[in-house]
1. Pairs, please: C-beta under 9 Å, at least 6 apart or cross-chain, first residue outside the structural domain of residue 107 (by TED's automatic domain parsing) and surrounded by 14 or more Cβ atoms within 10 Å (Cβ to Cβ) and in the stretch 129-141, second aliphatic (A, V, I, L, M) and modelled with pLDDT of 95 or more?
2. Return yes when residue 3 is farther than 26 Å from residue 190 by Cβ and either part of a helix (DSSP H, G or I) or at pLDDT 90 or above (or both) and no when it is not.
3. Being more than 18 Å from residue 349 (Cα to Cα), in contact with a Ser or Thr (Cβ under 9 Å, 6 or more places away or on another chain) and aromatic (Phe, Trp, Tyr) narrows it down to one residue among 418, 371; which is it?
4. Need the failing condition index for residue 366 against (1) surrounded by 17 or more Cβ atoms within 10 Å (Cβ to Cβ); (2) over 46 Å from the mean Cα position of the chain (by Cα); (3) of a type in the set (Ser, Thr, Tyr), just the number.
5. Working carefully through the options 38, 19, 23, find the one that is at pLDDT 90 or above and loosely packed, with under 14 Cβ neighbours inside 10 Å.
6. For the stretch 72-80, check the following and say yes or no: at least one residue is acidic (Asp, Glu), touching a His at 6+ places or on another chain (Cβ under 9 Å) and within 21 Å of residue 172 (Cβ to Cβ).
7. If a residue has to be of a type in the set (Ser, Thr, Tyr) and loosely packed, with under 13 Cβ neighbours inside 10 Å to count, how many in the stretch 142-151 make the cut?
8. With the condition kept exactly as written, say whether any residue in the stretch 90-105 is surrounded by fewer than 18 Cβ atoms within 10 Å (Cβ to Cβ), over 22 Å from residue 172 (Cβ atoms) and at pLDDT 90 or above.
Amino acid sequence: MELTLKRSISSLFIAILLIMLYISSLYNYLLFHTIAEIFSICIAFTVFLLTWNSMEYIKNKYLIIVGIAYLFIGVLDLFHTMSYKGMQIFRDYDYYANQLWIAARYFESIVIVVSCVYIKSKKQINIFLVFSIYTIITAILMLSIFVWKVFPICFVEGQGLTLFKKISEYIICTILFLAIIILTKNRDAFNIRVYRLLLLSIISSIITELAFTLYIDNYGFSNLIGHYFKILSFYLIYKVIIAMGIKEPYEIIFREMKQTEHLLFNQNSLLKNQAVIDSLTGLNNHRYIYECLEAEVQHCLRGKRAFIVMILDIDHFKNINDTYGHLIGDDILKGLAAILRDNTRQTDLVGRYGGEEFLIMLSETTINEGYQVAEKIRKAVENMEFVKNIHLTISIGIEEYTGEKISELLTKADSKLYEAKNSGRNRTIK
């Protein structure tokens, strides 16, 4: 809800700005042009600053090369604005602005295409070399226009655009269209949102150039439309750098923190399980049995409710190990553990007491109720066919907690287990 409201406010703000820009064009076109260009220049400088300060986070080298270029594109556009007809800053010639426009757009489109070779590149970029190359190119363009005056004329008063200007706009459109083809082929190098923003930015630039092939007056309507799409193109690049240089790094950081937290939780759970679970049977181990018995004693003392423990042992298990081997013996222990789980409640404690001995604690259970559970388990084991068609029996001793120490309770249960064994095995003694 908050995100939707934020987007709505942003969209409303942009709409108001565009309307105000149009109103300014009705009052004074030079005012409109100046505001529109300053707006796009500010975006260009912002794109550069964000790129320059977010390089360690922006993984795609293409975006770094393009982002740095926008400083120099902004500089060319700044001089374009100052030299526009009517500004009265450069008085020796009224149409430097047209030449600077073409110079900036050639620079922008060529950078976008040439940088495509770095879309999937893993090589490190020497940003100072890139910065130096851009500085030299910009300086040569400025000197060719203002000092050497060798840059081709782009506008003639009363006639409109020169052939060079028109052809240049179409060449720039072709270069940008080539950039779209390359970008589409390498779309998997970007997330879908960034890819769409880049694509829309280049399309907006193409529309801008087409608009500037139509006017015969520097203050014409197509000129106005062209500036609108230029602002949109720059703004979309700004959104890309924001997404890749600020939002995505934070998302990555938080995602990595979440993954680390999840990993630590899993590791802690694993360590806890290793500390309390018997690795062979998956039942609670000897240590955990004592902890649960201590807790159950405290629970019973407060609520004055009984619980019983039963200790059971596999009859003649040594013979099974000697005859079939310990691996078969281990499989039998696993099978017995499954029977114990299936015949007890989730609230009961089932654990491996040691070797082939198991302990079951039945909470809130009397000794008679416990006896019935024990007999159910004993008969299930007796009727079970284990691996290698092995049949076996168990002996069980049961004792009810009556306030004694845990060690004494277990000793009593153990004594009854041996009584069951000495009485012929395969029976329960309570």
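1. Taking only residues 6 or more apart or on different chains, not a single pair turns up.
2. So residue 3 fails the test.
3. Details: 371 fails: more than 18 Å from residue 349 (Cα to Cα).
From the options 418, 371, the qualifying one is 418.
4. (1)
5. Of the residues listed, the single one that is at pLDDT 90 or above and loosely packed, with under 14 Cβ neighbours inside 10 Å is 38.
6. No, the stretch 72-80 contains no residue that is acidic (Asp, Glu), touching a His at 6+ places or on another chain (Cβ under 9 Å) and within 21 Å of residue 172 (Cβ to Cβ).
7. Residues in the stretch 142-151 being of a type in the set (Ser, Thr, Tyr) and loosely packed, with under 13 Cβ neighbours inside 10 Å: 0 in total.
8. no
The values are calculated or read from the model by the stated rules, or taken from the named source; none is laboratory data. Treat the numbers as computed from the prediction; the structure is a model and nothing was measured. Cβ atoms come from the backbone with ideal geometry, glycine included; neighbour counts cover every protein chain shown.
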